[in-house]
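J.: Pasting a structure here, questions to come.
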Amino acid sequence: MGKQVEKEDNETVCMVKSLNSSSSNNISDINDTSSTCSGKAAEREIFNQHAEFEWEKQIQSTLLASFFYGYIVTQIPGGYLSDRFGGRRVFGTAMAVACVCTLVMPVCARVSVILVYVLRVLLGLATGVSFPAMQSMWGRWAPPLERSKLVTVSYLGTMFGNVGTFASSGYLCEYGFDNGWGSIFYITGGLACIWVVAWFILVRDTPSEHPWISQAERDYINNSIEYDNTKGCGTIDIAYGVGVSFGNSSTVPWVAIAKSPAVIACITAHVCNNWINYTLLTSLPAFMKAVLKFNIKSNGVLSALPYVCQAVSGLGVGLIADLMRSKQLLSTTGTRRLWCSIAFTGAGAFLIGTGFVSCDQRNIAVAFLSIAVMFTGFHRAGYVVNHVDFGPKYAGVLFGITNTFATVPGMVAPIVAGALTPNDSPEEWRNVFYVCAAFCVVGMVVFGFFSSGEIQEWAKDHKEILIEKPVLDTDTKL
């Protein structure tokens with residue numbers, strides 16, 4: 001299921017009127033008479049013939065960022081609630097709220113831009129629980145040597161959501177109902193409602209609760225997980241002479257988590273990769289339009305192409321990573337570090353290369369962008385699944401913590417990209433890609449040195465052995 005932000009970010013290309021059109025046209029005329037993109041004027045159609053809103057670029061940037069003001073708030077609570085009570089209800093309820101917000105967006109946009117801000121924040125609050133809830137569920141469902149491929153398969157939903165919304169939005173904007181752009185919200189919101197119904201029918205929090213899997217599969221999963229996943233975050237109390245009793249504990253080792261190098265490594269990698277992701281998600285349609293000079297229909301399809309590559313790479317690397325671990329070619333720690341290093345190196349290099357390609361060679365630029373995003377898919381076998389490696393019992397909380405920090409780029413990156421590109425020139429966009437590459441270097445170094453694939457002591461079930469001392473009978477005669 002694609003994140004709500006991608007759909008709405010791509011929407012702004014066709015729902016917002018171009019301001020200062022006379023000056024823009026003068027600049028375009030100058031550029032068209034130069035050697036840059038000569039002969040491609042026919043493809044540079046009017047981009048916003050269905051546009052209704054006159055929102056300044058600063059308003060557009062803050063609208064894009066407002067989603068994350070809500071998104072950052074529910075990360076840790078969503079993970080905690082999912083670990084404590086299960087991710088099924090938490091995730092499903094949140095997505096139902098997101099569906100309603102999506103369906104009413106066109107109406108609210110026509111009433112007031114303030115309502116758009118409010119809906120964006122509500123969408124962020126609702127969808128903020130999604131990834132922590134999924135990580136929490138995989139902590140209960142994924143056997144250790146199958147985690148990479150299972151997590152990467154589940155994240156295909158996000159990538160296919162990107163592909164579907166990017167590819168379809170350009171055509172819906174031009175040919176759809178409700179002035180084109182409105183149809184995108186109605187269609188995606190309606191499909192999401194259908195998904196919510198299917199989610200509650202098909203999904204259960206643990207293997208023990210699922211009615212449609214075999215007993216053999218249920219036993220295999222439960223016996224493979226490193227803690228008692230049938231009782232949540234449980235402790236085992238063994239009383240001498242009494243037997244064994246099981247209890248539930250909602251205590252999260254916050255101090256140990258805060259001091260853990262493995263957690264710090266995941267936070268850093270997550271933040272650095274999200275800077276790249278959110279920069280591209282919020283700015284790629286604008287880059288395609290302003291620098292590469294693609295029209296709105298081509299813009300949507302070509303903006304989707306990088307995420308097709310990411311989907312393929314993410315699935316493939318998950319299978320390869322689990323194979324490497326099962327064959328003992330690399331430890332879990334080595335596997336996670338390897339794929340994160342490859343991901344950061346490849347993404348940074350090709351993003352820099354994109355900045356030096358002119359729109360006369362725009363097919364090369366699209367190829368470079370696609371390869372860069374493809375490399376980010378390798379993180380699915382790196383830091384993304386790493387939370388379940390070293391803390392499966394607290395996987396929801398852990399991902400909530402790292403994603404809280406990693407949401408800051410979503411709030412800042414669109415504003416930084418907008419500030420760096422006031423004139424949308426190739427040179428300005430080159431600086432945007434330089435910043436992304438710098439984050440790649442930081443993420444690669446920190447994760448490469450401090451990450452761990454082994455379960456941490458604070459994440460293990462602890463056995464408490466209570467031995468009752470015999471009571472001496474003072475009346476017993478010697």
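J.: Would you kindly state how much longer the chain becomes between Leu122 and Val153 on full extension, computed as 0.36 nm times their sequence separation minus their alpha carbon distance, in nm to one decimal?
T.: On the way: separation 31, 0.36 × 31 = 11.16 nm, distance 2.77 nm.
Net length gain for the segment: 8.4 nm.
J.: Something else now. Quick check: pseudo-label points 7 Å beyond the Cα along Cα→Cβ at Leu330 and Ile364, how many nm apart are they?
T.: Once both label points are built, they end up 3.1 nm from each other.
J.: Starting from the amide H of Val252, placed 1.01 Å from N in the peptide plane, find each other amide H under 5 Å away whose residue is 5 or more places distant or on another chain.
T.: none
J.: Would you work out what percent of the accessible area of the range 92-212, with all protein chains in place, is carbon or sulfur (probe 1.4 Å)? Don't jump to the answer; show the numbers that get you there.
T.: On the way: 3540 of 4490 Å².
On the range 92-212, the fraction of accessible area on carbon and sulfur atoms equals 79 percent.
J.: May I ask you to order 362-374, 418-430, 400-412 by the average number of other C-beta atoms within 10 Å around their residues, highest value first?
T.: Numbers: 362-374: 20.7, 418-430: 15.6, 400-412: 22.8.
Peptide ranking by packing, descending: 400-412, 362-374, 418-430.
J.: Just grab the label-to-label distance for Tyr220 and Val203, each label 7 Å out from Cα along the Cβ direction, in nm (one decimal).
T.: 2.3
J.: Which of the pairs Lys57/Lys259; Lys149/Lys293; Lys327/Lys393 have their Cα atoms more than 32 Å apart in this structure? Working shown, then result.
T.: Details: Lys57/Lys259 41 Å; Lys149/Lys293 38 Å; Lys327/Lys393 26 Å.
The pairs that break the limit, which is 32 Å between Cα atoms, are Lys57/Lys259; Lys149/Lys293.
J.: Related question: Leaving ligands, DNA and RNA out of it, report the carbon-plus-sulfur percent of the accessible area of the range 381-455 at a 1.4 Å probe. The partial results should precede the final answer.
T.: Numbers: 1720 of 2360 Å².
With neighbouring chains kept in place, the figure for the range 381-455 is 73 percent.
J.: Would you kindly derive the ³J(HN,Hα) couplings of the range 323-335 from the backbone phi angles with the Karplus curve 6.51 cos²θ - 1.76 cosθ + 1.60 (θ = phi - 60°), listing them in order in whole Hz, with x for Gly and Pro?
T.: 5, 4, 6, 5, 7, 6, 6, 9, 6, 4, 4, x, 5
The values are calculated or read from the model by the stated rules, or taken from the named source; none is laboratory data. All of these numbers come straight from a predicted model, not from anything done at the bench. For neighbour counting, all protein chains shown are included, and Cβ atoms are generated from backbone atoms with ideal geometry for every residue, glycine included. Side chains are part of the model used for accessible areas, which takes the heavy atoms of the whole protein and leaves out ligands, DNA and RNA. Shrake-Rupley method; radii C 1.70, N 1.55, O 1.52, S 1.80 Å.
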